[in-house]
Every structure is written in structure tokens, then in C-alpha cells.
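Derivation of every value follows stated rules applied to the coordinates shown; laboratory data play no part. All figures in this text were calculated on a predicted structure; none of them were measured in a lab. Ideal geometry is used to build each Cβ from the backbone, glycine not excepted, and the neighbour counts take in all protein chains shown.
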Amino acid sequence: MDSLRRLEEIFAHFPGIGPRQARRFAYYLLGKPPAFIKEFTSLIEEVKKSTAECPQCHRLFIGGSRICSICSDANRDQSTLMVVARDSDFESIEKSAAYKGLYFILGGTVPILDKEPDKRIRLKQLLERVQKSAPKEIILSLNTTPDGEHTADIVKDALKAPLYLGKVTILGRGLSTGAELEYADSDTIKNALKNRN
């Protein structure tokens, strides 16, 4: 395989990018001057080097501190923990400014036929976090897709008493079935948080 096809293949692995878009990305880069390519590649390397994973919420963040700015913020509501699948979901909820508690990033969802959820999501780390911080409420903010709902069921089952005695809620159905948090607007997220059950 030549290097151009390999570049297309790499772009095709990006979320939501198909083969035609991947090809367009590759040819777009080919049309750019060497200075642009140099800046582009050095920026990717710089971001990769300066990004860390928060040991508490598992969110990727840029900075030299050990814990991210959300987990270290004493003004956030320490009694609620919102569980989301990915960093992009976290970003959408933060942008809505409707939630002021803490987060936990699961790292994905579990497909319905998957028999080993621990290989797909950070379930063990979530249970450790819950036992350590004992939040009063855990909000499961997962996509209303079959995989998202299956993952929510797995997490709910794992959080049963006696491990966790607090309240486990899911977002209200302000989010339509099949919607993905990453693409939801701020008002939809606010309504979903307000009407959670």
C-alpha cells in the first residue's frame, strides 16, 4: 500500500469519517504548502505531549497539574457524579452550563452482544470512584442508542446495594431516542438534565 492510501486509511478510522471524506482530507493536505504540513504535524505532537488523563474522572486535559480543573474545583457540587461515555459528551454538557457537579468518563459504550463490558468501559474504576467519594446521586448521561442504553443497564446493575446506596438517575427524555450527546444543543441538554428521573 502506498503512503497516500495509508493516509486515507488513517483518516477513515476517525469517528464519523467515511472513505470519500478520508480521501478528501488526504488530498486537502497534499494541496497545502510544506509550512502548513510542518505546523500541522508539530501541533499534533505538541497536543499529544501536553495532554494527560485525569486519574479521578479519566478526562483528557491539557495542563501540567495532576488532576483536571473540574475535579480540583471545590466550588463544584461534590454530591453528584455524572457518568458520560466520552470526552466529547463531557464537552457538550459543560458547554450547556446546566450541570455543576463532577464527572466520570466511561471511555465508550458496550455493544449489546458484548459479553465482556470491562474490556470496553472503565466499570471497575467507576466503582472504585463511587466507593471512595460516595456521591448522593449518580447521573447516567449516556446516548439514547441501543448501545448507550445497554451500557446504562450494566452500570445500574453494578451500582446496586450494598455497593452503592445513593440515587442513580438517567437523563430525562429531552434527548430523542437515537440522539448522541455530542450533537445535542444546549437547550436539549438543559431539558434532559431538568427532567431526569
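Here's the list of lysines a cross-link from LYS38 could span, going by alpha-carbon distance under 29 Å and ignoring same-chain residues fewer than 8 apart: LYS48, LYS49. From the Cα gyration tensor of the stretch 62-197, with a ≥ b ≥ c the square roots of its eigenvalues, which class applies: rounded if a/c is under 1.5, or else prolate if a/b is larger than b/c, or else oblate? Rounded, because the longest to shortest axis ratio a/c is under 1.5. Taking 0.36 nm per residue of sequence separation and removing the Cα-Cα distance, the LYS167/SER65 pair yields an extension gain of 33.6 nm.
The local environment of LEU127, defined by Cβ-Cβ distances under 13 Å, has a net charge of +3 under the rule Lys, Arg +1 and Asp, Glu -1. On the basis of the beta-carbon distance and an R0 of 22 Å, LYS160 and LYS115 show a calculated FRET efficiency of 0.65. Modelled spin-label separation between GLN131 and ALA98, with each label point placed 7 Å from Cα along the Cα-to-Cβ direction: 3.4 nm.
Using a simple spin-label model with pseudo-atoms 7 Å out from Cα toward Cβ, PHE40 and ASN195 lie 4.3 nm apart. Amide H to amide H distances under 5 Å link GLY101 with ASP77, where only residues 5 or more positions off or on other chains count and H is placed in the peptide plane. What lysines could a cross-link reach from LYS160, if we take a straight Cα to Cα line under 30 Å and drop same-chain neighbours fewer than 8 places away? Those lysines meeting the cut-off are LYS100, LYS115, LYS119, LYS124, LYS132, LYS136, LYS190, LYS194.
Annotation: amide H-H contacts under 5 Å for VAL168 (H modelled 1.01 Å from N, sequence separation of 5 or more, or interchain): ILE138.
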